[in-house]
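Below is one structure; the comments refer to it alone.
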Amino acid sequence: ELALLEAFREKGYAMTSADIAEHWVGMIPDGWSAEDIALRNVRLGIYPPESGVRSNPWREWIGAQMRGAICGMLAPGDPKEAARLAWLDGCVSHHNNGIMGEIFNAVMVSLSYVESDVKVIVEKAMKAIPADCEYYSVIKFAYDACKCHDNYMDAWLECEEEYKPYNWIHAYPNAAAEVVALMFCDSDFDKCLNYISMMGQDCDCNCAQIATLFGIIYGHGCIDKRWSDP
């Protein structure tokens, strides 16, 4: 995210994926999984979007999805622009559904500047994802599971079984967990962070993304003193 912001500081909304990639090389000494491959590719002169695809078996894991919030913050209340920025950033290291994950989170964060109900944010953000892509089928499956159950864990167990074949750092199970937490938390910070953590998967990435919604909607006021005082 810092490399993205540095590119944005220099070029603003005219920045390109190549600008972001060059700041990756200048600022990030090494990476892991998809990011490691992308860094190696760019150092070899293979620029986005090829840098996110070439020899990259992790191109649909969570690495781009976990960077989406910053793109939403660069486009407050403008989900279309947030999606564009997320695509520019995502294709540095990911491809296809991996990039869709970053777009989904970016759009949710952008919408949080103009919507206060996280359920509404989820529903609107889903519309930003093409209905014929596999990523949409994942978030729709999670959304439907929420409609069929009275508590978050029952909905999650259905998703966990459905996406059992995928690694816990893949975009899919983590996207499903985000949807379930947001749909059941009643726009409550404590509930949301509790639910997303209890579902496991790549907890820190998921918490960071969806906690951003609450920070934007409610400010520091959403964090109880029992967390902030210590």
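Side notes on the structure shown:
- Candidates in the range 32-48 are the residues that are part of a loop (DSSP other than H, G, I, E, B) and under 21 Å from Tyr172 (Cα atoms); of these, the one that is least open to solvent (accessible area, probe 1.4 Å) is Ser33.
- Here Arg59 fulfils each of the conditions (1) under 27 Å from Tyr136 (Cα atoms); (2) touching a Phe, Trp or Tyr at 6+ places or on another chain (Cβ under 9 Å) apart from (2).
- The lone exception for Gly77 - which of (1) small (Gly, Ala, Ser); (2) over 19 Å from Phe214 (Cα atoms); (3) out of contact with any Lys or Arg (no Cβ under 9 Å at 6 or more places or on another chain) it fails: (2)
- Residues that are of a type in the set (Phe, Trp, Tyr) and within 28 Å of Ala34 (Cβ to Cβ) within the range 102-124 comprise just one, Phe104.
- Residue check for Ala211: open to solvent by less than 40 Å² (accessible area, probe 1.4 Å) and over 16 Å from Val118 (Cα atoms): no
- Restricting the range 133-177 to residues that are over 22 Å from Trp58 (Cα atoms) and in a loop (DSSP other than H, G, I, E, B) leaves a set whose member that is most open to solvent (accessible area, probe 1.4 Å) is Asp150.
- If the condition is being closer than 16 Å to Met66 by Cα and among the hydrophobic types (A, V, I, L, M, F, W, C), then the range 131-180 contributes Ile139, Trp168, Ile169, Ala171, Ala175, Ala176, Ala177, Val179.
- Taking the range 123-132 as the range and being open to solvent by less than 40 Å² (accessible area, probe 1.4 Å) and either among the hydroxyl-bearing types (Ser, Thr, Tyr) or assigned to a helix (DSSP H, G or I) (or both) as the test, the residues that pass are Ala125, Met126.
- Considering residues of the range 1-31 that are charged (D, E, K, R), without any contact (Cβ under 8 Å) to a residue 60 or more places away in the chain and in contact with a helix residue (DSSP H, G or I) (Cβ under 6 Å, 6 or more places away or on another chain) only, the residue most open to solvent (accessible area, probe 1.4 Å): Lys11
- Considering only residues in the range 88-114 that are without any contact (Cβ under 8 Å) to a residue 40 or more places away in the chain and open to solvent by 20 Å² or more (accessible area, probe 1.4 Å), the one that is farthest from Gly219 (Cα to Cα) turns out to be Asn96.
- Of all residues in the range 186-230 being charged (D, E, K, R) and in a helix (DSSP H, G or I), the one that is farthest from Leu74 (Cα to Cα): Arg226
The values are calculated or read from the model by the stated rules, or taken from the named source; none is laboratory data. These figures come from a predicted structure and were not determined experimentally. So basically every Cβ, Gly included, is an ideal-geometry build from the backbone, and we count neighbours across all protein chains shown. The accessibility values were calculated without ligands, DNA or RNA, using every heavy atom of the protein model including side chains. Shrake-Rupley method; radii C 1.70, N 1.55, O 1.52, S 1.80 Å.
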